[in-house]
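Reading through the structure tokens given below for one structure.
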Amino acid sequence: MKTLVFIFALMLVSSSLFPQNVDTQNLKYELLCDVQVLLDNPIMLGQTPNGIRTIYPIIGGTFEGSKIKGKILANGADWLLTLDSTTSKLDVRALIQTDDGATIYVTSVGYIHSNPDKSIYFRAIPIFETSSEKYKWLNHTIVVGVGSFIEGGVSYKYYMIK
């Protein structure tokens with residue numbers, strides 16, 4: 001009985017904290033920024049219990065959008081895990097710095113998958129962490145990155161999910 005009372009109380013509290021008018025029919029998005037990441041030569045860790053691990057050190061890059069702009073600092077990497085002949089899993093950790101001096105920690109997971117038609121599915125989900133008052137909205141913003149390969153690295157279009 002105590003469990004039932006607790007669940008009911010939790011439902012009442014949560015319904016008062018979160019609006020019930022969430023539009024679940026139309027997913028909306030907006031371009032956050034274009035990202036170019038420059039990568040150093042890969043470090044081959046080789047076959048591990050989880051797959052083939054290859055580390056791609058980040059040596060720089062840029063990002064630019066209407067709400068945020070800056071550079072990617074040369075101190076992170078992608079700890080890429082090749083799962084099989086068609087699929088790799090992203091595991092990126094990096095620091096970025098906005099043009100007005102805010103520092104933001106970014107972790108990103110995702111997949112690169114080669115489809116049978118030779119197209120590439122390259123998607124990432126970056127998570128942002130910052131103490132900056134100006135950019136604190138990033139701490140709770142869902143973003144999806146659509147990636148592609150460029151000379152010397154990778155490029156993304158980051159879209160905010162509204």
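The values are calculated or read from the model by the stated rules, or taken from the named source; none is laboratory data. Only a predicted model underlies this, so the values are computations on that prediction, with no experimental measurement involved. Here the Cβ positions follow ideal geometry from the backbone for every residue, glycine too, while neighbour counts run over all protein chains shown.
Laid out as a table, the results:
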quantity: Unmet criterion (only one of (1) among the small types (Gly, Ala, Ser); (2) closer than 22 Å to GLU30 by Cβ; (3) out of contact with any Phe, Trp or Tyr (no Cβ under 8 Å at 6 or more places or on another chain)) for ALA102; calculated: (3)
quantity: Test: GLY51 is farther than 27 Å from SER132 by Cα, surrounded by fewer than 17 Cβ atoms within 10 Å (Cβ to Cβ) and either out of contact with any strand residue (DSSP E or B) (no Cβ under 7 Å at 6 or more places or on another chain) or modelled with pLDDT of 95 or more (or both); calculated: yes
quantity: Single residue of SER66, SER85 found to be small (Gly, Ala, Ser), closer than 17 Å to VAL144 by Cα and surrounded by fewer than 15 Cβ atoms within 10 Å (Cβ to Cβ); calculated: SER66
quantity: Out of THR86, THR62, THR54, THR103, sole residue that is touching a residue at least 24 places away in the same chain (Cβ under 8 Å), of a type outside the set (Lys, Arg) and in contact with a Ser or Thr (Cβ under 6 Å, 6 or more places away or on another chain); calculated: THR86
quantity: Where ILE59 falls short, out of the listed (1) in contact with a Gly (Cβ under 8 Å, 6 or more places away or on another chain); (2) crowded, with 18+ Cβ neighbours inside 10 Å; calculated: (1)
quantity: In region 124-137, the residues that are surrounded by 15 or more Cβ atoms within 10 Å (Cβ to Cβ) and either of a type in the set (Ser, Thr, Tyr) or in contact with a Phe, Trp or Tyr (Cβ under 6 Å, 6 or more places away or on another chain) (or both); calculated: THR130, SER132, TYR135
